[in-house]
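Colleague: Structure below; questions to follow.
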Amino acid sequence: MIRAVAAALLLTTAVTAQEALPGAFAESRALPGLTAPGEIIIDRAGIPHIYAANARDGFFLQGYAVARDRLWQIDLWRKRGLGRLSASFGAQFVAQDRAARLLLYRGEMAAEWAAYPSQAKVWTEGFAAGINAYVADVETGRAPLPIEFSATNTRPERWQADDVVRIRSNALASNLTSEVVRARALCGGDLKYEPLRRELAPAHTVSIPKGLDPCSIPADVLDDYALGTGDVRFDGQKIVVASLDPDIQEGSNNWVISAGKSATGRPILANDPHRAHAVPNLRYLSHIDTPELKIAGSGEPALPGISFGHNENVAWAITIFAIDQQDLVVNPKATKLTEVRERIEVKGEAPREVVLKFTDDGPIIHEDPTSGRSFALRATWTKPGASAYFNASWAWTAKTWDDFLVARDHWGAPPLNLLFANRAGDIGWAPGGFVPVRAAGDGLLPVPAGKAHRWTGLLDAKLMPVKHNPADGWIATANEMNIPAGYPHMLGLEWADRSRITRISEVIGSKPKFGLTDAMALQNDPTSPMARRAVALLQGLAGRDANERGALALLGNWNGHEGPDSAAAALYEIWAARHLAASTVKAIVPEAARRNFGRTSIGNILPVLEDGKLLGPDSAALRAEILLGSLGLAFAETARLLGPDPATWRWGALHRADFQPALPIAGRDAERRVGPVPIGGSGSTPMAMGTGPDFRVVSGASVRVVMDVGAWDNSMAINTPGQSGDPSSPHYRDLFARWATGNYVPFVWSRPRVLQEAERIINVIPGR
């Protein structure tokens, strides 16, 4: 009866283009699988606002809308995650399919679904059915087949709800890679040089687990892990673990402002999660309005609902909180392994059988034929309830701080700083994520198999630290070490440097009142406290040649502002990325120990240069030699790259946003490319524009959201380059220029405002 009434109400409120924005286009669709009439209203930014008679239909229409915008992207996500690439693309993907299957959830599905809200499976079934409804439209010609499918002679596949939560390889955000790099560095190396490679917090001394030979870790031990977690490459190049490259900076910012400190008189919550950039990007904005569930925000397009955003009463935001959720376990020769045989379909060939191997610790990600050792990945994601971001579903219906802590209590992966605000004025911080309790050790290095280094369970989530309504009226996180002093439980030791949180804290703390425009400006702030620290070390130094003197003149009074027109920023970033760290390691670490030392970054080098403990008895002289020598090299390289006259140097000449799809299509790549455009910031600024080896922008915030808590229509957002993955869509690149210049679009909530912003209205009814 309730559903019938709701459906009748929707029928009476269905609108035409004339009732909305002048020029809005209206269409109708009959969709099999929908239980009652509904609407998808696409606004001028390409954001779908979904009105449905019940929550299940809301997720159905969200799945349909996502598939309409991102079918190639989500289909590839599913095929990659489930290990089904070979069926579409051929034998060259068999190894990646096998690796992906090692990382699937293999527990009981009843236990998995029981870890989420009682309606979660129904919601996800609706989402999958909506995707399948769009696939059916493509199959029958009612909707166009995206050009990527035509180019690869492939077709989209149908979804099931279990597919969404079984895929775990998008949640493996932890320290496995640094365990391996650290172990290999210690093979013939020395523990005392560890601070150069990675700053630990709280302060901690690395020790080698009893029974571990660091030299037993093969160089290729992570090859299958890289395949199982990496993106799909169509260029034939080897997939490597991105986090092994210190030039790739990923992280996130969020902050919440109390009503008392807010210029609006209401809490403000801001979030800009940072990931590798792509076209289309990893995030998707949407809004679902049903009688029993109303949410708006951003999520990954292949997942139902939203990862962060708001409902009617509560807003929440996320950043990575560095709980160590992984260990590499070294099994001795002759360890008994459990074998699982699976069939991989291969396009154009007979299916192939592959063997997956496991121990009680987890999947075997490498076997060393020389030593007979095998290596298992022990990770929290094997447990029910660890599907990435899926426990945000507990927040969708939250109203109070206590309700929000329920979401924290269930949170599995990835580990996150969860920020909260509600209409009543409450604000809070409650990090969440499964925390393994180790019988021994600190998780910094691989461990021998056996009881001595086993996990004894998971930490009770109620023992996690929290902060609720602090006296200063605001909370911010940026992946930094923010565990309160004296906290008794081991959570993790490897965090992002404090550069972004330092600048965020400076700006928020300096303003008696903080408003929505302040939040948007801060998300686009290109000032680097890291750069200021480096420049401070140059004070009092005198150049010994023209290059060193020129560099000191350019950086001497620079304030760390990395605008696209800054000459100082260009010089600094070349110095920081290519010269300072390498020169420091060369000056301090003996040649023999540098063999496996690996790469490091300025965030780890600066503390060593500042405290001088590793610089020897004449630390000032060695520091000056390192700084001046590396700076002179950087000045010379900048002149080679940008010309001999520093007055013409521009950071934006090197630092450009230039997004290109991973799949090349002959004759179509120019229309699919987005950019290039000069851009400021860096990985150490709140603006978060991480660079690759060529200084091109490779990571940062694709989506930014600022929420006026309780006055939701005032909220603002941006998503780059656009909501759609279809290059023929007006929403493929329409937000790119806005994103590059910090110019947001309204992210409205109420139906009258949605209609004002409407560009297209899709009236949907149940079909046969």
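Colleague: Filter region 404-415 down to residues that are closer than 18 Å to Ile295 by Cβ and surrounded by fewer than 22 Cβ atoms within 10 Å (Cβ to Cβ), then give me how many there are.
Modeller: Going through region 404-415 one residue at a time, the tally reaches 2.
Colleague: Select from region 164-197 the residues that are farther than 30 Å from Tyr105 by Cα, over 26 Å from the mean Cα position of the chain (by Cα) and either basic (Lys, Arg) or not in a helix (DSSP H, G or I) (or both) and list them in ascending order.
Modeller: Passing the criteria: Leu186, Cys187, Gly188, Gly189, Asp190, Lys192.
Colleague: Okay, moving on. From Trp401, Trp394, which residue is open to solvent by 10 Å² or more (accessible area, probe 1.4 Å), farther than 15 Å from His468 by Cβ, modelled with pLDDT of 95 or more and among the aromatic types (Phe, Trp, Tyr)?
Modeller: Selected residue: Trp394, the only one of Trp401, Trp394 that is open to solvent by 10 Å² or more (accessible area, probe 1.4 Å), farther than 15 Å from His468 by Cβ, modelled with pLDDT of 95 or more and among the aromatic types (Phe, Trp, Tyr).
Colleague: Cβ-Cβ distance below 7 Å, separation of 6 or more or different chains: which pairs start in region 296-318 with a residue that is under 15 Å from Asn254 (Cα atoms) and open to solvent by less than 10 Å² (accessible area, probe 1.4 Å) and end on one that is of a type in the set (Val, Ile, Thr) and not in a strand (DSSP E or B)?
Modeller: Gly297/Ile306; Ser298/Ile306; Ala315/Val709
Colleague: If you check Gly385, Gly362, which single one turns out to be buried (at least 16 other Cβ atoms within 10 Å of the Cβ), within 25 Å of Arg80 (Cβ to Cβ), in contact with a strand residue (DSSP E or B) (Cβ under 6 Å, 6 or more places away or on another chain) and at pLDDT 95 or above?
Modeller: Every option except Gly362 fails the conditions.
Colleague: Counting just the residues of region 314-338 that are under 26 Å from the mean Cα position of the chain (by Cα) and not in a strand (DSSP E or B), which one comes out nearest to Asp162 (Cα to Cα)?
Modeller: Gln325
Colleague: Sticking with this structure for a sec: What number of residues within region 285-300 satisfy the criterion of being of a type in the set (D, E, K, R), under 12 Å from Asn311 (Cα atoms) and in contact with a Phe, Trp or Tyr (Cβ under 8 Å, 6 or more places away or on another chain)?
Modeller: Total meeting the criteria: 1.
Colleague: Inside region 721-738, can you point out the residues that are farther than 20 Å from Pro146 by Cβ and in contact (Cβ under 8 Å) with a residue 24 or more places away in the chain?
Modeller: Hit for region 721-738 is Ala737, nothing else.
Colleague: Return the total of residues in region 237-270 being open to solvent by 70 Å² or more (accessible area, probe 1.4 Å), modelled with pLDDT under 90 and not aliphatic (A, V, I, L, M).
Modeller: Result for region 237-270: 4.
Colleague: In region 441-473, which residue that is at pLDDT 95 or above and of a type in the set (Gly, Ala, Ser) is nearest to Ile323 (Cα to Cα)?
Modeller: This residue is Gly443.
Colleague: If you take the residues in region 738-753 that are more than 29 Å from the chain's Cα centre (by Cα) and in a helix (DSSP H, G or I), which one is surrounded by the most Cβ atoms within 10 Å (Cβ to Cβ)?
Modeller: Once the filter is applied, the top-ranked residue is Arg753.
Colleague: Another question about this same structure. How about region 458-467: which of its residues are in contact with a helix residue (DSSP H, G or I) (Cβ under 8 Å, 6 or more places away or on another chain) and open to solvent by 80 Å² or more (accessible area, probe 1.4 Å)?
Modeller: Listed by number, the list holds a single entry, Lys462.
Colleague: Can you pull out the residues in region 202-236 that are under 20 Å from Ile323 (Cα atoms) and open to solvent by less than 30 Å² (accessible area, probe 1.4 Å)?
Modeller: Val206, Pro209, Tyr225
Colleague: Please name all residue pairs, on different chains or six or more residues apart, with Cβ atoms under 7 Å, provided the first residue is in region 570-598 and is farther than 21 Å from Thr638 by Cβ and the second residue is among the small types (Gly, Ala, Ser) and crowded, with 21+ Cβ neighbours inside 10 Å.
Modeller: These pairs meet every condition: Ala593/Gly189; Asn596/Ala185; Asn596/Gly189; Phe597/Ala185; Phe597/Gly189; Gly598/Ala185.
Colleague: Out of all the residues in region 96-124, which are among the charged types (D, E, K, R) and open to solvent by 30 Å² or more (accessible area, probe 1.4 Å)? I'd like the intermediate steps shown before the answer.
Modeller: Within region 96-124, the subset among the charged types (D, E, K, R) is 97-98, 101, 106, 108, 112, 121.
Selection gives Arg98, Arg106, Glu108, Lys121.
Colleague: Would you mention how many residues in region 125-163 are of a type in the set (Val, Ile, Thr), surrounded by fewer than 23 Cβ atoms within 10 Å (Cβ to Cβ) and assigned to a helix (DSSP H, G or I)?
Modeller: Selection size over region 125-163: 4.
Colleague: Same structure again: Has region 481-504 got at least one residue that is crowded, with 23+ Cβ neighbours inside 10 Å, under 27 Å from Phe404 (Cα atoms) and in contact with a Lys or Arg (Cβ under 7 Å, 6 or more places away or on another chain)?
Modeller: No, every residue in region 481-504 fails to be crowded, with 23+ Cβ neighbours inside 10 Å, under 27 Å from Phe404 (Cα atoms) and in contact with a Lys or Arg (Cβ under 7 Å, 6 or more places away or on another chain).
Colleague: Kindly indicate whether any position in region 667-682 is modelled with pLDDT under 95, open to solvent by 20 Å² or more (accessible area, probe 1.4 Å), in a loop (DSSP other than H, G, I, E, B) and out of contact with any Cys (no Cβ under 7 Å at 6 or more places or on another chain).
Modeller: Yes - at least one qualifying residue is present in region 667-682.
Colleague: Check every one of the helices (runs of 4 or more DSSP H) wholly within region 562-631 and list those with 1 or more residues that are of a type in the set (D, E, K, R) and under 20 Å from Glu194 (Cα atoms).
Modeller: Filter on region 562-631 gives 581-588, 602-611.
Colleague: If you don't mind, there's one more thing I want to ask. With Gly441, Gly425, Gly385, Gly372 as the choices, which residue is within 22 Å of the chain's Cα centre (by Cα) and in a loop (DSSP other than H, G, I, E, B)?
Modeller: Gly385
For every residue, the table says whether it meets (1) more than 30 Å from His579 (Cα to Cα); (2) among the polar types (S, T, N, Q); (3) in contact (Cβ under 8 Å) with a residue 12 or more places away in the chain; (4) open to solvent by less than 30 Å² (accessible area, probe 1.4 Å).
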residue	(1), (2), (3), (4)
Leu642	no, no, yes, no
Leu654	no, no, yes, yes
Pro664	yes, no, yes, no
Thr685	no, yes, yes, yes
Val709	yes, no, yes, yes
Asp713	yes, no, yes, no
Met716	yes, no, yes, no
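Colleague: Right, here's the next one. Which of the residues spanning region 691-704 are surrounded by 24 or more Cβ atoms within 10 Å (Cβ to Cβ) and out of contact with any His (no Cβ under 9 Å at 6 or more places or on another chain)?
Modeller: Within region 691-704, Val703, Arg704 meet the criteria.
Colleague: Residues in region 514-534: is at least one assigned to a loop (DSSP other than H, G, I, E, B), farther than 28 Å from Leu627 by Cα, open to solvent by 70 Å² or more (accessible area, probe 1.4 Å) and at pLDDT 95 or above?
Modeller: no
The values are calculated or read from the model by the stated rules, or taken from the named source; none is laboratory data. In this text the structure is predicted, and so the values were computed from the model without any measurement. Cβ atoms come from the backbone with ideal geometry, glycine included; neighbour counts cover every protein chain shown. Ligands, DNA and RNA are excluded from the accessible area calculation, which covers all protein heavy atoms including side chains. Shrake-Rupley method; radii C 1.70, N 1.55, O 1.52, S 1.80 Å.
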